[in-house]
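Note sheet for the following structure.
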Amino acid sequence: QKEVEQDPGPLSVPEGAIVSLNCTYSNSAFQYFMWYRQYSRKGPELLMYTYSSGNKEDGRFTAQVDKSSKYISLFIRDSQPSDSATYLCAMDYGNKLVFGAGTILRVKS
Amino acid sequence: EAQVTQNPRYLITVTGKKLTVTCSQNMNHEYMSWYRQDPGLGLRQIYYSMNVEVTDKGDVPEGYKVSRKEKRNFPLILESPSPNQTSLYFCASKGGTDTQYFGPGTRLTVL
């Protein structure tokens, strides 16, 4: 079993839709939870960074962590074509990040 | 501008020909790391370094070497590349409790 599971998609939505991206994990030692966005032919860029259970909002993006269920989510409101990318969840464990496989998101105009 | 740079960005080589991918950061970060990214497998850590002259293996270190002689540089060395090392490679750095910042990637093809 992988430490981090993420639905690879692809996920295709119309412009303006609410997008929900999810990851589950098995290691309760993970302390920090991140979402990275990766455009084609680019390196991952940090989108959201959370530590505790609960919600964290930044503009159209909301990151949610449920440590009791070992489940994290990223919500994108009013999705735009420019949001089309691969979204990677990542979890900090000591000196390394453990990544999900990434979800490909396509927002159609 | 704070950044992580990698060179080359694209490389096609043949089996067994030694190569080095360079990584440099200008943020005075102590921690640096190398990842490879493969379809369906996400990013997997190859090696990391906590500071100068301190390196350790990640999840997939076989066939790779690293060195950390200076704080800003962390080259990845493939002594005898093989086709299964064809991949997209990313260098990353981190300062303190901050999260990791990634370079633009190096796409390597080994024929």
(message) Considering only residues that are in a loop (DSSP other than H, G, I, E, B), open to solvent by less than 60 Å² (accessible area, probe 1.4 Å) and touching a Gly at 6+ places or on another chain (Cβ under 9 Å), which ones fall in the range A:23-41?
(response) A:Ala29
(message) Against the conditions (1) closer than 26 Å to B:Pro104 by Cα; (2) at pLDDT below 90, where does A:Val4 fall short? Just the number, please.
(response) (2)
(request) May I ask you to list the residues in the range B:4-18 that are open to solvent by 80 Å² or more (accessible area, probe 1.4 Å) and within 12 Å of another protein chain (Cβ to nearest Cβ)? (result) B:Arg9, B:Tyr10
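Residues that are more than 9 Å from chain A (Cβ to nearest Cβ) and exposed (fewer than 14 other Cβ atoms within 10 Å of the Cβ): find the strands (runs of 3 or more DSSP E) completely inside the range B:19-111 holding 2 or more of those.
Details: elements: B:19-25, B:31-38, B:42-51, B:54-57, B:76-78, B:87-94, B:106-110.
By residue number, B:54-57.
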(message) Return the pair list, or none, for Cβ contacts closer than 6 Å from residues in the range B:56-81 that are among the basic types (Lys, Arg) to residues that are part of a loop (DSSP other than H, G, I, E, B) and open to solvent by less than 30 Å² (accessible area, probe 1.4 Å), at least 6 apart or on different chains.
(response) B:Arg68/B:Phe74
(message) Tell me the residue from B:Glu62, B:Glu30 that is at pLDDT 95 or above and acidic (Asp, Glu), please.
(response) B:Glu62
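Let's see how each residue does on (1) under 15 Å from the mean Cα position of the chain (by Cα); (2) at positive phi; (3) in a loop (DSSP other than H, G, I, E, B); (4) at the interface with chain B (Cβ under 10 Å from one of its Cβ atoms):
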{"residue": "A:Glu5", "(1), (2), (3), (4)": "yes, no, no, no"}
{"residue": "A:Pro8", "(1), (2), (3), (4)": "yes, no, yes, yes"}
{"residue": "A:Val13", "(1), (2), (3), (4)": "no, no, no, no"}
{"residue": "A:Leu21", "(1), (2), (3), (4)": "yes, no, no, no"}
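The values are calculated or read from the model by the stated rules, or taken from the named source; none is laboratory data. Remember, predicted model here, so these are calculated numbers, not experimental data. Using ideal geometry, Cβ is built from the backbone for each residue, glycine included, and neighbour counts are taken over all protein chains shown. Keep in mind that these areas ignore ligands, DNA and RNA; they rest on the heavy atoms of the full protein, side chains included. Shrake-Rupley method; radii C 1.70, N 1.55, O 1.52, S 1.80 Å.
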